[in-house]
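One structure is given here, and the rest of the page talks about it.
The values are calculated or read from the model by the stated rules, or taken from the named source; none is laboratory data. A quick note: this is a predicted structure, and the numbers were derived from the prediction, not measured. Every residue, glycine among them, receives a Cβ derived from its backbone with ideal geometry; neighbour counts consider all protein chains shown.
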Amino acid sequence: MLSKSLCERVLSAAASTGADYAELFAEKTFDRSVNMVDKKVNAVNDAVIAGASIRVFKGLRSVAASTVDTSEEGLMRCAKRAAEALGEGTAEMEIVLKERLFGDVHPIKIVPGSVPVKEKIDLLKAGYFAALDYDPCIKQATGVLLDIDHNILIANSEGVYTKDRQIRTRMNITAVAEKDGETQSGGCRPGARMGLELFTEQIDPKDVGREAGRQAVVMAGAGYCPAGTYPVVIDNGFGGVIFHEACGHSLEASSVAYGTSQFCDKLGQKIANEKVTAVDDGTIPNAWGSINIDDEGTPSRRNVLIENGILKSYMIDKFGGRKLNMAPTGNARRQSYSYVTTSRMTNTFIEAGTDENDDIIASVDFGLYAKQMGGGSVNPATGSFNFAVNEGYMIRNGKVCEPVRGAALVGTGSEILMKIDMVGKLLECGQGMCGSSSGSIPTNVGQPMIRVSSITVGGR
């Protein structure tokens, strides 16, 4: 990508008006996808995203500029714009870069960009038609197979000059079932920081389609969930989205450093039930949200956020760290060079506990079993959230009974953390895309099965 000597010249120009920190981020990303609908391939997309951004700090001031012109002339113009916007001053730093290699724990066996499109189409067709043929009441299906080859370079005035290559692959199958004139959808969306071996060696695309079909059929025959306040059991895997949204965003420096988080000034305090230990870990090999380095060049690491109910850490980027007087934690992320980096999650989950799943279900006389969670929204300042339940069942007398639809979980993050009073043993993660001020990024969410002793359930 960009030579070390060129980066030194660009950073020097960016810091020429007295910046105490300068950073250059460059990327070249290949974004490919194959789409299916109506039993045929309707789109094959192949996009390239390339450009660079320059950011400078002076105390608690920050200026960022970006460009698609990565020639020396283009980069120098961008650097000078950032320097001029920061203000008047003189250069006070000498920038000498040293290349750093932080290693790669994410082996790729089949680089998707090297595979003919026909092979990708065959994989997607296997999943698509498995969904469509799952049951006669499946009336429609859609499918997407995507792969991302994200190449980044980071250089900064602290002497860092480093690169990373992030390859990810994901399949998304959605099925629509119809019963008695009403339709419901189901979906399955596995992904990983892997190549196409994810779907040739580890996950059978047909299983992806069958799971989407199963969920659609079950929910098409479901009645409506009763509204009320009662216990809810949330299953593992993507169930972890409730911690990610309701609590995780409130632990990012992008909220904490500006005093807009429900967990400001609570380090060392009890904020959750003692059964809850929550972690953000970007080092898990081949996990969807993993990174070798973050988008500021800080090595990824395992951050224990909550330990036995006690708040231990926030997720911190460089600028947020300045405001908090805390060191970065390897959580600075962005969708692309055109977004300004901020603190974001990677693979965030509640750790396994000691309760048996059967005991968790048996402990509920009347409640909801949320087997598959959907999307939601949260206000990090108050922690108020609202989540859809994609697949739910009523629990009666300690038994999982009839499926129900239309359920939504409503509450606040601080409240739900205290009410998680049972935590199962089997931790699993699910894959998602998280949107925030620095764009949409891949994140893993996860947990074992948990019980929330009482929560407001929206329904009928």
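So that you can scan it fast, the table gives a plain yes or no per residue for (1) closer than 22 Å to Thr342 by Cα; (2) of a type in the set (A, V, I, L, M, F, W, C); (3) assigned to a loop (DSSP other than H, G, I, E, B):
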site	(1), (2), (3)
Thr382	yes, no, yes
Ala388	no, yes, no
Glu391	no, no, no
Thr443	yes, no, no
Ser454	no, no, no
Val457	no, yes, no
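Among the residues making up the range 393-428, those that are within 26 Å of Ile284 (Cα to Cα) and part of a strand (DSSP E or B) are Ile420, Met422, Val423, Gly424, Glu428. Before we move on, is Thr348 more than 21 Å from Val218 (Cβ to Cβ), among the hydroxyl-bearing types (Ser, Thr, Tyr) and outside any loop (DSSP other than H, G, I, E, B)? Criteria met by Thr348. I'd like the residue in the range 1-55 that is charged (D, E, K, R) and assigned to a helix (DSSP H, G or I) and, out of all such residues, is farthest from the chain's Cα centre (by Cα). Checked the range 1-55; the qualifying residue farthest from the chain's Cα centre (by Cα) is Arg9. Among the numbered conditions (1) farther than 15 Å from Asp147 by Cα; (2) surrounded by 14 or more Cβ atoms within 10 Å (Cβ to Cβ), the only one that Glu99 does not meet is (2). For the range 352-381: of the residues being under 22 Å from Gly228 (Cα atoms) and either exposed (fewer than 15 other Cβ atoms within 10 Å of the Cβ) or basic (Lys, Arg) (or both), which is farthest from the chain's Cα centre (by Cα)? Looking at the filtered set, the residue picked out is Asp365.
Just checking, which of Gly127, Gly143 is over 30 Å from Ser53 (Cα atoms), part of a strand (DSSP E or B) and not aliphatic (A, V, I, L, M)?
Values: Gly127 fails: part of a strand (DSSP E or B).
After applying the criteria, what remains is Gly143.
Right, Glu252: among the acidic types (Asp, Glu) and touching an Asp or Glu at 6+ places or on another chain (Cβ under 9 Å) or not? It is true that Glu252 is among the acidic types (Asp, Glu) and touching an Asp or Glu at 6+ places or on another chain (Cβ under 9 Å). Considering only residues in the range 384-417 that are closer than 15 Å to His244 by Cα and touching a Cys at 6+ places or on another chain (Cβ under 7 Å), the one that is surrounded by the fewest Cβ atoms within 10 Å (Cβ to Cβ) turns out to be Leu417.
For every residue, the table says whether it meets (1) of a type in the set (Ser, Thr, Tyr); (2) within 15 Å of Cys7 (Cα to Cα); (3) crowded, with 16+ Cβ neighbours inside 10 Å.
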site: Arg55; (1), (2), (3): no, yes, yes
site: Leu60; (1), (2), (3): no, no, no
site: Arg81; (1), (2), (3): no, no, yes
site: Asp122; (1), (2), (3): no, no, no
site: Lys125; (1), (2), (3): no, no, yes
site: Tyr128; (1), (2), (3): yes, no, yes
site: Ala141; (1), (2), (3): no, no, yes
site: Ile152; (1), (2), (3): no, yes, yes
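So is Phe30 modelled with pLDDT of 95 or more, in contact with a Lys or Arg (Cβ under 9 Å, 6 or more places away or on another chain) and within 24 Å of Lys163 (Cα to Cα) or not?
Details: modelled with pLDDT of 95 or more: yes; in contact with a Lys or Arg (Cβ under 9 Å, 6 or more places away or on another chain): no; within 24 Å of Lys163 (Cα to Cα): yes.
Taking the combined requirement at face value, the residue does not satisfy it.
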